[in-house]
Structure formats: C-alpha cells, structure tokens
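For reference, the structure is listed below as structure tokens.
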Amino acid sequence: MFSTRNLLLIATVLLGAAVGTIYYTEMHAVISIIIRWLSVFFFCWYGIKKKSLTAWIFISMIIGIFVGIDFPEIAKNSKVLSSIFLKLIKTIIAPLLFGTLVVGIAGHANLKQIGRMGIKSLIYFEIVTTIALFIGLAAINISQAGKGIKLPPSIEKIEVTSKPQSASEIILHIFPENFAKSVAEGEILQIVIFSIIFGIALAMVNESKRKPMIDFAESLSEVMFKFTNIVMYSAPIGVGAAVAYTISHMGFDVLSNLIKLLVTLYLALIAFVLLVLVPVGLIIKLPFKAFIKAITEPISIAFATTSSESALPKAMEAMESIGVPRKIVSFVIPTGYSFNLDGTTLYLSLASVFVAQAAGIDMSWGTQLIMVFTLMLTSKGVAGVPRASLVILLGTAASFNLPPEPIFVILAIDTLMDMARTSVNVLGNCLATVVIAKWENEFNPPKNIQS
C-alpha cells in the first residue's frame, strides 16, 4: 500500500504532467485530459483501499482541479455544495467554544485543584503561544503569499470599505450585549468573552452547583466533537466543489501562491523553534542531547499521522524517561494539548492574513492585532476536534468579514502544513513539561543524562 508521502509524490508528477500538456496542440490537450481522468481512477482506487478521510479530501481536491479545467461551467455551479459544508461548519463554532472553554476554565483551571503548578503552566502557555501568533503574523506580512490571487467577481465585491471604528467602538464590540445575538451573528470573540466569564463564575460556586453545569458543558463538547466528525464526512465533497469553483475562476495562478504559503509556514515554524523554544531550553539548562533523543519517536509519529493525540502516550513516556515526574507530565501535556498548541496558533494567524490578502483586503496593523487577540482565545480548548484549525479559521474569517473560498484553497496543501504544525505542537508540549518541572524544582534526570 502506498504511503502518504508516495501518494503526494505520484500526485505531483501526474498533476504536473497534466498541467504541462494543456498549453500544447489539440492532440496534446486530448492526451492531457486522458492522463488527468486516468489519474482520477487511480486516486479513487487508492481512496477506497485507504479508507482515510484525509486521503479522500486530497483526492477530491485533485478531482476539483480537473473539473475546474475541463468542465468550467459545471464548476461554476458547484459553489452550492461548498456553501452547504461551510454552513454546517459554522453551526459547530458557538456550542463547541462554549463547551470547551467552560470546561477548560471551571473544570481544569480550579486553583484549589491544580494550585501553583496550574498557574505557572497557564502563564507559560499563554506567553509562548502569543509569541507564536506574532511570528506567524510577521511571516505572512513579509512573504505576502496571498497577494495576486484573483478571486471571482462575486467575492471581490465583498464590502470592505466600512467606516473606520474608533478605539472605544472596537472595545465595546468585543463584549456581548446578548449571547443569542452573538451566536446568531457569528461574533466569535463575543462568544469567547461570554464563555470565559461564565467559566470563571462557574468556578466560583460550590461543588454541588458547579458539577451539573460542568457535566453539561462536557456533554455538549463531546456531542459537538461527534457532530464535527459527521460533518467532516462531507468535507471531500465540499472541498472538491470549492476547489473546482475556484480553479474555474482563478486558473492555476493560485497554485504558486499555495507553494509560497507552504514555504512561509515551514520557515516561520523553524524560526519559532530557533528563536523561542531553543532559547527557552538554554535558559532552563535543558539537556538537549537527551531531550532530542527522547522526543524523536513521538515527533515522528506526530509528523506521519498529523495527529498530536497519536503521539501522546510516547511523549509522556519520553518525558518521564529524562526525569520529569509523572504528576507533572500527566498534568502539563494533556493541558498543553488544549492551551499550548504552538504550531497551530502560528498557522492560524498566518492563514487568517493569507485569506485577507487573497481577498484583496488590506488589514491594518490594528485589525491584525485584534485578530491575534481573538485567535489567542479561540485557539484554546479545541485540540480534540478533527480539523479543529478549519473550524477556528472559518470562525475567525466570518468575524472579520473575510470570504471562505481562500480557506478551501488552503485545504489543498493542509496535510503538508499539518505535518509540520503538529510536530511543533508535540515539541512545544514536551519542552513545557521540563520548564514546569524546573520551575517547581522537581526535574531529576538520571545521572547518565545530566547536563
């Protein structure tokens, strides 16, 4: 059976051959069509054998490109399918954020239960993920990867010339006046503010009153996780239709932008590791050789599977092996999976500005900073959701009046981006356990690996 890497290689070769022949004679055009649709049969056969949602999303993206090339009229009418998928995704955002944030604050951030270690962990998580957001913001503003994409006229007409808001209006807009209204209008930051205050209030009531509401919030979260799973089964259709619609309007220029975006993300993640995580390791006198040896396997698992959860057992075991006490490992890593997603938060800020650039919207630094503040809150607590970054990215786009079409385009390379950001998530959480252990004076490495 083909590996994901081999599949991507084969797809690239076939797609390159197909695209290259378009610009030759009529005979070559016929050959090009035959190659394209023979490759579709190959991909569908692979998808049936693989039985993987990620594989089918990739396959549908390829099919969408081919439909956009060969059947542009059909492609132009396919937007309704992607719109249905988008609507279903949007219904997830409010209940999911409410449930996960309430549980995260009232269920896990109870100071009587987690004490000093919890405060230190949350402070560290917030500082590091905020830096990650700003690095992502800087990287996309430097590369301008989204510039030059020509969106369809119906998208370009999106209203972006509203009156500049005063500072007081911006601040007032953050706070909800009616929770139901905030949900109905998709005001994601207002939903987050309400959920945070609700969670804090819930943490302050006695156990008998708090437990039923936490149980409800946990049940709501679990139901929304399953809801997301169901909706994601329609992702291949939604993504394929969106890509077909996009290609029929934009042509192949968008592919060069995607390559630029991919390179931008990888460079930004490397910069984050070198400029943030390595200096943190130096400050705490991390035994680098032992640490790198310990994390090699969990990071490899995360990279191959694009799932932080699949690497969780090995990551916990690895950190214990280098001297982090189990009580710290068992608290910091699971908590970090909700509050310390360095790679994902960097990606979200980068991708959000890419969407604005693709839409031709010149976001001021003030607006970008507000967006970073929004992402700083909304990126917490949804790590267990498949395609969680898609949910948050779509919610953020809706809040800032950005079109969703460029997000579907990003999905064409999402697997390649997910490999890198998931690896950085695992790396960041492993390092966090050592940071907290050192902070608590409880890091006791075996004698053979002491720095």
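Read-outs throughout are calculated quantities, based only on the coordinates presented, and are distinct from any laboratory measurement. Just so it is clear, the structure is predicted and the values come from calculations on it, not from any experiment. Don't worry about glycine lacking a Cβ; one is built from the backbone with ideal geometry, like all the others, and counts go over all protein chains shown.
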Under the Karplus relation with 6.51, -1.76 and 1.60 and θ = phi - 60°, whole-Hz ³J(HN,Hα) for region 319-328, x at Gly and Pro, equal 5, 5, 5, 9, x, 7, x, 4, 5, 7
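Local charge sum around Phe272 (other residues, Cβ-Cβ under 15 Å, Lys/Arg +1, Asp/Glu -1)?
Working: positive: Arg421; negative: Asp342.
Local charge sum for Phe272: 0.
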Using mean Cβ contacts within 10 Å as the protection proxy, how do 349-355, 432-438, 71-77 order, highest first?
-> 349-355, 432-438, 71-77
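Considering just Cα atoms, how many Å³ per residue does the convex hull of region 192-291 enclose?
Numbers: hull volume 24.3 nm³, N = 100.
It is 243 Å³ per residue.
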Treat each spin label as a single point 7 Å out from the Cα along the C-beta direction, and report the Lys447 to Ile74 distance in nm.
-> 7.3 nm
Do any of Lys120/Lys181; Lys260/Lys438; Lys49/Lys314; Lys260/Lys285; Lys49/Lys226; Lys226/Lys327 go past 32 Å between their Cα atoms, and which?
-> Lys120/Lys181; Lys260/Lys438; Lys260/Lys285
Could you put Met204, Met61, Met213 in order, starting from the residue whose Cβ has the fewest other Cβ atoms within 10 Å?
-> Met204, Met213, Met61
Enumerate the calculated ³J(HN,Hα) couplings along region 433-441 in order (Karplus 6.51 cos²θ - 1.76 cosθ + 1.60, θ = phi - 60°), each rounded to whole Hz, writing x wherever the residue is Gly or Pro.
-> 5, 5, 4, 5, 4, 5, 4, 8, 6
In sequence order, calculated HN-Hα J values of region 209-219 (Karplus, 6.51, -1.76, 1.60; Hz; x Gly/Pro) | 8, 6, 4, x, 6, 5, 4, 5, 5, 5, 5
Say R0 is 45 Å: what FRET efficiency, to the nearest 0.05, do Phe216 and Leu282 get from their beta-carbon distance?
-> 0.50
Fewest to most Cβ atoms within 10 Å: Val67, Val102 sort as Val67, Val102
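Ser399: net charge of surrounding residues, Cβ under 10 Å, Lys/Arg +1, Asp/Glu -1, itself excluded? Before the final figure, lay out each step's value.
On the way: positive: none; negative: Glu185, Glu187.
Around Ser399, the charge tally is -2.
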What FRET efficiency do you get for Phe227 and Ile123 if R0 is 35 Å and r is their Cβ-Cβ distance, rounded to the nearest 0.05?
-> 0.60
From fewest to most C-beta neighbours within 10 Å, the residues Cys44, Cys430 line up as Cys44, Cys430
